[in-house]
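Visitor: There's a structure below that I have some questions on.
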Amino acid sequence: MDLVIARPEGLYCPPGDFYIDPWRPVERAVITHAHGDHARWGMGHYLAAAPSEGILRTRLGPDLPLQTLAYGESLDHNGVTLSFHPAGHVLGSAQVRLEYRGEVWVASGDYKVEPDGTCTPFEPVRCHCFISESTFGLPIYRWPTQASVFREINDWWRANAAVGRTSVLFCYALGKAQRILHGLDADIGPIVVHGAVEPLNRVYREAGVHLPDTLYAGDLAKNDPRLRQAIVLAPPSAGGSTWMRRFGDYSDAFASGWMMLRGTRRRRGVDRGFVLSDHADWPGLLWAIEQTGAERVMVTHGSVAVLVRYLCEQGLDAQAFDTEYGDEEEADLVARQESTEGDAG
Amino acid sequence: MKAFAELYARLDATTSSNAKLAAMRDYFREAPAEDAAWAVYFLAGGRPRQLVPTRLLRDTATRAAGLPDWLFEESYQAVGDLAETISLLLPESHHTSDDGLAVWMQEKLLPLRGLPPEELAERLPPLWAQLDRPSLMLCLKLVTGAFRVGVSKLLVTRALAAVADIDPKRVAQRLVGYTDLSHRPSADSFQALIAPESDDEHAQRGGQPYPFFLAHPLQAEIERFAGLLGPPSDWLVEWKWDGIRAQLVKRDGRLWVWSRGEELVSERFPELERLADCLPDGSVLDGEIVAWKDGRVQPFALLQQRIGRKTLTAKVLEQAPAAVLAYDLLEWQGEDWRQRPLGERRACLEQVVARCSGDAAIQADLLDEHAAAVEHAVLMLSPLVEGTDWHDLARQREASRERGVEGMMLKARDSRYGVGRTKDVGVWWKWKIDPYSVDAVLIYAQRGHGRRASLYTDFTFAVWDGAPDDPERKLVPFAKAYSGLTDEEMRQVDAIVRRTTVEKFGPVRSVTPTLVFELGFEGIAASNRHKSGIAVRFPRMLRWRHDKPVEEADTLETLRALLP
């Protein structure tokens, strides 16, 4: 029996009668993580991993009807045993393990296999069927080591600070920003953050994640001399907006897995692109899938057709799940308009 | 290779000309001369002939990466550049070769040309394994001929001039022909580029042409001409020929023909060879090579047919005979005339051409009643167009299409012959006629390359094969175009293509026809190689017709009416 099927409202568990990361309002929603395309408004009840509570309440409201479970703790609902397991994507991100009459399915949400020090690392969970994302499901995506990327970022910042130029680094506000903060060398200069990043930093700090001290951009005057030595973390949407006017001479950069490609980097129009992603790269996807021991794989958002075909050729039973999950960075990079379709190609 | 890869990264990371200039200066100062020689070659647009067949390169890379062919293809579609795709797919190497660019080119890459496929397949992977990812991508770009990094030749010239501390115009002169295939960059050739200026430099120029002086587009209302340009008498007005811009260099008893791309094309135009007999040594003429037949200029398409040929048969030469329409004299009796006013150069040119024709100056004017007499002339003067005022000239310009020309050239009578697109010593304007235009429907889309990779930006356009009241009518593709949209429009069209996709054939998507664009093009000819029976030249999108429903797009009939 299929423990998860695709419905117009979202991924649905028929025996349990609940949805996983639904994109339309439903009675019961199990949430893998707090990014906007997975955790949406208007559900009757929310169930999520305990470490994601702070972010979910920050983003969706303090009175959210939310129940949480610690990683590994299980709950029985209509005969389905449900538990959360770390996905290594952002703080509180989880894979959802479902067990019903001896059949085990795992829905991964979004995941990354390399530990990063700001959230609990990915843990493979054995299952019969694994539901995997495929955001970077092409062999061209092989991440450089985090250490080398942070070295590049710090070198760039140091070079700018040496000539009195602000370093503006665009990155997604939840997860990516905190990961970068964690990797910055705070001795180089002051670290300034945009208003969209600050509240999330607070949640990470409350959860015990070490982040260097940050200044809130709104607290600095336009010509504050500290800005000339500073690195500024801002969401991509701040680029090109009036908000940027406060920095006189600046160099800008973008941190994302999409920066792997020269064309994307150039289209983005920033001085530098740093390859840093919250998602698994191609070897990461294949490793994670192999670790689950699953014979069946359902592929969601990203390079669905490619990953399905590749896995089938490797002898697995792989199929596609149609979902409305996207990738916030790509949505911003490639589309920037009301397109409802994800990048199917 | 590593130093050149670092230069590439610096150039690629910025859009500022000053930053690019600084990057090149630093590199030229640091690099060994033999490496810098090759760097100049590539930066200035040099492309060696294909070293490895593309198919073999792909197959070898696919095998080395351990991937199925289809997955390589998917990856290539996402990246949009073959060299980059391969560099991303090959196993990563952590140490990189210390050999410089020159060693790589001369000892490792150039010797690959012409090797049997089995040997290439064996030799390539060990070469690749010597390079880290940035160097590998660069190396592959050199091999595929896809090296492009957004620096103009002028910028390279300025960087070299700064390193040598000499006039950039001198460097530009020395760079002429540098990227020609017959030239092999070497430490000596780089030293010659940056050497101090010397007196005998002019005497040692061999068959070198001068840097071409280029025109600027003139876009103004005719009413403003007098205010902008003064009276027509200050200008030499000519037709704008649709051919190949060329310099004829006659020195030391030999004739060299150079195209605007600074490529030596003498062998492609054997009929010009006899000009070696009549042009005196120490003369350089600037003009346009056209196909000339029946006393008039022929469409560019005819000339184009012979450009691509490896061997020029008698039949080809008869079908598309070439002739030069001369309009400038850059060197006379061994002396550089570029600093003399155009009026003086032109007067002398008229005598040179007349002497060469052994007759009174023959003007390549199709209204000339002696047209038949110039049937076999290979050197003619590009005639001057006389007009009482700008309005009169504008009226004459309306006959451009019938004459087979693209409009008019306006050259300041007292202008000196500049370098490239400079304006400091006088100006040449190209006053082109408006392009042809039709409203066409977007029916197929393909993802772009480079900066447009992963966006659907390359389109096929169609017109209707019947009138609106014909219920059976279909859309017939007739042109491909990918330029003319703003970045924002590109993103919007990309989204619509994705939403309205009907089918995917490999990288191409067919879409439900919903988008109408005004397409502009420069020329139109009947063609039996195209389904529509029509081929257009330089098609591009002029504007997005949001206001036009698909049903109101133009028809094949409209296009046929434009045929000459």
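The values are calculated or read from the model by the stated rules, or taken from the named source; none is laboratory data. This one's a predicted model, so the numbers in the text were calculated from it and none came from an experiment. Using ideal geometry, Cβ is built from the backbone for each residue, glycine included, and neighbour counts are taken over all protein chains shown.
Visitor: Can you confirm whether segment B:226-243 contains a residue that is outside any strand (DSSP E or B) and among the hydroxyl-bearing types (Ser, Thr, Tyr)?
Guide: Checked against the condition, which is being outside any strand (DSSP E or B) and among the hydroxyl-bearing types (Ser, Thr, Tyr), segment B:226-243 yields at least one hit.
Visitor: Looking at B:Val441, B:Val427, can you tell me which residue is touching a residue at least 24 places away in the same chain (Cβ under 8 Å) and within 17 Å of B:Leu342 (Cβ to Cβ)?
Guide: B:Val427
Visitor: Another question about this same structure. Applying the selection to segment B:443-496, what residues are more than 16 Å from B:Arg540 (Cβ to Cβ), within 14 Å of another protein chain (Cβ to nearest Cβ) and β-branched (Val, Ile, Thr)?
Guide: Across segment B:443-496, the qualifying residue is only B:Ile496.
Visitor: Just checking, how many residues over segment A:131-165 are more than 14 Å from chain B (Cβ to nearest Cβ), in contact (Cβ under 8 Å) with a residue 40 or more places away in the chain and among the small types (Gly, Ala, Ser)?
Guide: 3
Visitor: A follow-up question, please. Within segment B:66-107, track down each residue that is assigned to a helix (DSSP H, G or I), hydrophobic (A, V, I, L, M, F, W, C), free of Cβ contacts under 8 Å to residues at least 60 places away in the same chain and at the interface with another protein chain (Cβ under 7 Å from one of its Cβ atoms).
Guide: Answer for segment B:66-107, where residues must be assigned to a helix (DSSP H, G or I), hydrophobic (A, V, I, L, M, F, W, C), free of Cβ contacts under 8 Å to residues at least 60 places away in the same chain and at the interface with another protein chain (Cβ under 7 Å from one of its Cβ atoms): B:Leu71, B:Leu88, B:Leu89.
Visitor: With the checklist (1) modelled with pLDDT under 95; (2) over 22 Å from A:Phe122 (Cα atoms); (3) assigned to a loop (DSSP other than H, G, I, E, B) in hand, flag the one item A:Asp37 doesn't pass.
Guide: Single failed check for A:Asp37: (2).
Visitor: Moving on to the next point. Could you look through segment B:206-258, keep only residues that are among the small types (Gly, Ala, Ser) and in contact with an Asp or Glu (Cβ under 9 Å, 6 or more places away or on another chain), and pick out the one that is farthest from B:Leu275 (Cα to Cα)?
Guide: B:Ala226
Visitor: Quick check, is B:Ala320 at pLDDT below 90 and assigned by TED's automatic domain parsing to the domain that holds B:Glu223?
Guide: Spelling it out, B:Ala320 is indeed at pLDDT below 90 and assigned by TED's automatic domain parsing to the domain that holds B:Glu223.
Visitor: With respect to B:Ala159, determine if the residue is assigned to a loop (DSSP other than H, G, I, E, B), small (Gly, Ala, Ser) and either modelled with pLDDT of 90 or more or at negative phi (or both). Full working, then the answer.
Guide: Values: assigned to a loop (DSSP other than H, G, I, E, B): no; small (Gly, Ala, Ser): yes; either modelled with pLDDT of 90 or more or at negative phi (or both): yes.
So B:Ala159 does not fit the description; no.
Visitor: Filtering segment A:240-268 down to residues that are over 21 Å from B:Ser454 (Cβ atoms) and modelled with pLDDT of 90 or more, which residue is farthest from the other protein chains (Cβ to nearest Cβ)?
Guide: Ranking the qualifying residues of segment A:240-268, first place goes to A:Tyr250.
Visitor: Could we say that A:Tyr111 is over 21 Å from A:Arg7 (Cβ atoms), surrounded by fewer than 20 Cβ atoms within 10 Å (Cβ to Cβ) and not assigned by TED's automatic domain parsing to the domain that holds A:Arg179 here?
Guide: Considered against the rule, which asks whether it is over 21 Å from A:Arg7 (Cβ atoms), surrounded by fewer than 20 Cβ atoms within 10 Å (Cβ to Cβ) and not assigned by TED's automatic domain parsing to the domain that holds A:Arg179, A:Tyr111 comes out as no.
Visitor: May I ask you to list the residues in segment A:56-76 that are outside any strand (DSSP E or B) and of a type in the set (A, V, I, L, M)?
Guide: Once the filter is applied, which keeps residues that are outside any strand (DSSP E or B) and of a type in the set (A, V, I, L, M), segment A:56-76 yields A:Leu56, A:Leu60, A:Leu64, A:Ala70.
Visitor: So, in segment A:269-306, of the ones that are assigned to a helix (DSSP H, G or I) and buried (at least 20 other Cβ atoms within 10 Å of the Cβ), which residue ends up farthest from the other protein chains (Cβ to nearest Cβ)?
Guide: A:Thr292
Visitor: Further question on the same structure: Suppose we keep only residues that are buried (at least 16 other Cβ atoms within 10 Å of the Cβ) and out of contact with any strand residue (DSSP E or B) (no Cβ under 6 Å at 6 or more places or on another chain) within segment B:187-210. Which one would you say is nearest to B:Leu410 (Cα to Cα)? If you could, list the steps in order and put the result at the bottom.
Guide: Start the filter on segment B:187-210 by keeping residues that are buried (at least 16 other Cβ atoms within 10 Å of the Cβ), which leaves B:189-190, B:193-194, B:205, B:207-210.
The next check asks that each one be out of contact with any strand residue (DSSP E or B) (no Cβ under 6 Å at 6 or more places or on another chain); those that pass are B:189-190, B:193-194, B:205, B:208.
Details: B:Ser189: 37, B:Phe190: 37, B:Leu193: 34, B:Ile194: 35, B:Arg205: 30, B:Gln208: 27 Å.
Step by step, filter segment B:187-210, then rank; the result is B:Gln208.
Visitor: Any residue in segment A:192-199 that is in a strand (DSSP E or B) and either touching a residue at least 24 places away in the same chain (Cβ under 8 Å) or of a type in the set (A, V, I, L, M, F, W, C) (or both)? So that I can check it myself, show each step before the final result.
Guide: Within segment A:192-199, the first condition is being in a strand (DSSP E or B), and the residues that meet it are A:192-193.
Add one more test, that the residue is either touching a residue at least 24 places away in the same chain (Cβ under 8 Å) or of a type in the set (A, V, I, L, M, F, W, C) (or both), and what stays is A:192-193.
Yes, the conditions are met somewhere in segment A:192-199.
Conditions (1) within 14 Å of chain A (Cβ to nearest Cβ); (2) within 25 Å of the chain's Cα centre (by Cα); (3) surrounded by fewer than 17 Cβ atoms within 10 Å (Cβ to Cβ); (4) not in a loop (DSSP other than H, G, I, E, B), marked per residue:
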| residue | (1), (2), (3), (4) |
| --- | --- |
| B:Phe4 | no, no, no, yes |
| B:Tyr8 | yes, yes, no, yes |
| B:Leu11 | yes, yes, no, yes |
| B:Thr15 | yes, yes, yes, no |
| B:Phe28 | no, no, no, yes |
| B:Ala39 | no, yes, no, yes |
| B:Gly45 | no, yes, yes, no |
| B:Leu51 | no, yes, no, no |
| B:Leu56 | no, no, yes, yes |
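Visitor: For B:Leu71, are the conditions met, namely being touching a Phe, Trp or Tyr at 6+ places or on another chain (Cβ under 9 Å) and farther than 28 Å from B:Leu193 by Cα?
Guide: Yes: the conditions hold for B:Leu71.
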